[in-house]
Amino acid sequence: MNLLVTGGAGFIGSNLIHYLLGDAADDYALSVSKLVNLDKLTYAGNPENLAPVEKDPRYHFAHGDITEADLVAKLLREHQIDGVLHLAAESHVDRSIDNPEEFIQTNVVGTYTLLEQFRKYLNELPADSEAESLSAATRRFLHVSTDEVYGSLGPDDPAFSETTPYSPNSPYSAAKAGSDHLARAYVHTYQLPVVTTNCSNNYGPYQFPEKLIPLMIQKVVKGEALPVYGDGSNVRDWLYVRDHCRGLTLAFLKGQVGEVYNIGGNCEMKNIDVVHGIIAAVQKLAPDCEGAKKSPEELISFVTDRPGHDRRYAIDCSKIETELNWSPLENFQSGLEKTVQWYLDNDAWIQSIESGSYQGQRLGTL
């Protein structure tokens, strides 16, 4: 297959590319002839995430914006793309509160552009072409979304399922909800072969340091205060990124067109408990660091809650478990220790982000 991955220089995208060019062949017999990564390289897009695959002859990088219709059309035709895995998105809630317009452009307009250009591309394929002879399962558009489109849960509410009504509470989640609706509309209006996934909070290697887990890891290592919103009782379901990549690949290959699959880690935790887990893991794996000299109470600092902070997310992933035989391989403890060890081993990667050298400019304080 020839694949187009959008947002492949980001956290989940880069992990997915490593997986597609690696273990996906053994896990799902996926043979990738060519993989094109289309990425705008905004603040969260880091080419260094893909250094291990840069010399792979199957890998090709295209610098550009998913809202550029001509560029998307060119890539689809030039590389004879069989499937699109769409991950490009503005995804940080705090940034969406400060500047919602960028989120509308990327998440809504960008998704529309990809869907529309893929539709036109498939319609132009001649009936006797090699591409047309591929099975329907190989001509797919995977739309990757988030559990935040479902809104917030109370302490005793059932977990989000694929039939939970949408109720986004931030500009970020509203923009993602809009993109989900477009994906659904293109299935029902144009019979475009789209599969959608909604995931819970990811963690693992290559995650941008402004996110909770990598941010807290670095602050513990340095012995700095750990800012926790509110009282720390907000609940999230945590999913190790490699497990997510396995689920995405399976949904892309085997998911039923028009269906939605929720991918979660079966791991609900309060933010404060996550932070305590990070402290314990860092102190275990880096016993000589500055944070190992302090107690959790000395490290944790509660700060004013952010606007519209959803109280609880929880994913019911029984559909993908039952229909596609997927389940997470990592529990939170095992995944967290792998994540902490990766950040401890990759200080140069972190320093390049903090200095801004990875994109040729300073980012300021993270």
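The angle separating the long axis of helix 11-20 from the principal Cα axis of greatest extent in the chain is about 50 degrees. The distance from the alpha carbon centre of the stretch 84-108 to that of the stretch 292-357 is 20 Å, rounded to a whole number.
Rounded to the nearest 500, the helix-only mean residue ellipticity at 222 nm of the chain stands at -12000 deg cm²/dmol, with each DSSP H run of n ≥ 4 adding -39,500 (n - 2.57).
Could you compute the net charge surrounding L87? Neighbours are other residues with a C-beta less than 13 Å from the C-beta of L87; K and R count +1, D and E count -1. Here the charged neighbours net out to 0. Other residues whose C-beta falls under 10 angstrom from the C-beta of M269 contribute a net charge of -1, scoring Lys and Arg +1 and Asp and Glu -1. Cα convex hull, the chain: 131 Å³ per residue, rounded to a whole number. Note on the chain: with neighbouring protein chains present and a 1.4 Å probe, carbon and sulfur make up 49 percent of its accessible heavy-atom surface.
Loop-located trypsin sites (Lys or Arg not before Pro) in the stretch 164-221 (DSSP state not H, G, I, E or B) with no more than 11 neighbouring Cβ atoms inside 10 Å do not occur. Averaging 1/r over each pair of different alpha-carbon atoms in the stretch 220-342 and inverting the result gives 16.2 Å, the Kirkwood hydrodynamic radius.
Converting phi to 3J(HN,Hα) with the Karplus coefficients 6.51, -1.76 and 1.60 and the offset θ = phi - 60°, the stretch 41-55 yields 6, 6, 4, 8, x, 10, x, 5, 4, 10, 3, x, 10, 4, 8 Hz in sequence order, with x at every glycine or proline.
For the pair A29 and N325, the difference between a 0.36 nm per residue extended length and the Cα-Cα distance amounts to 105.0 nm. Given R0 = 25 Å, the distance between the Cβ atoms of E224 and K338 translates into a calculated FRET efficiency of 0.60.
With R₀ set to 56 Å, the beta-carbon distance separating K74 from F302 gives a calculated FRET efficiency near 0.65. Between D288, D82, D237, the residue with the greatest mean-square fluctuation in the GNM of the chain (Cα pairs under 10 Å linked by springs) is D288.
Spin-label model, Q191 to A280: label points 7 Å out along the Cα-to-beta-carbon direction sit 5.5 nm apart. For Y261, the amide hydrogen comes within under 5 Å of the amide hydrogens of T196, T197, N198, counting only partners 5 or more places away or on other chains and with H modelled in the peptide plane. Loop-resident trypsin sites (Lys or Arg not before Pro) (DSSP state other than H, G, I, E or B) in the stretch 12-117 with no more than 15 further Cβ atoms inside 10 Å of their Cβ: K55, R58.
Probing with 1.4 Å while keeping every protein chain in the model, the per residue accessible area of the stretch 158-298 equals 37 Å².
The values are calculated or read from the model by the stated rules, or taken from the named source; none is laboratory data. This is a predicted model, so every value here is computed, not measured. Here Cβ is always computed from backbone atoms with ideal geometry, including for glycine, and neighbour counts include all displayed protein chains. Just the protein is used for accessible areas: all its heavy atoms, side chains included, with ligands, DNA and RNA removed. Shrake-Rupley method; radii C 1.70, N 1.55, O 1.52, S 1.80 Å.
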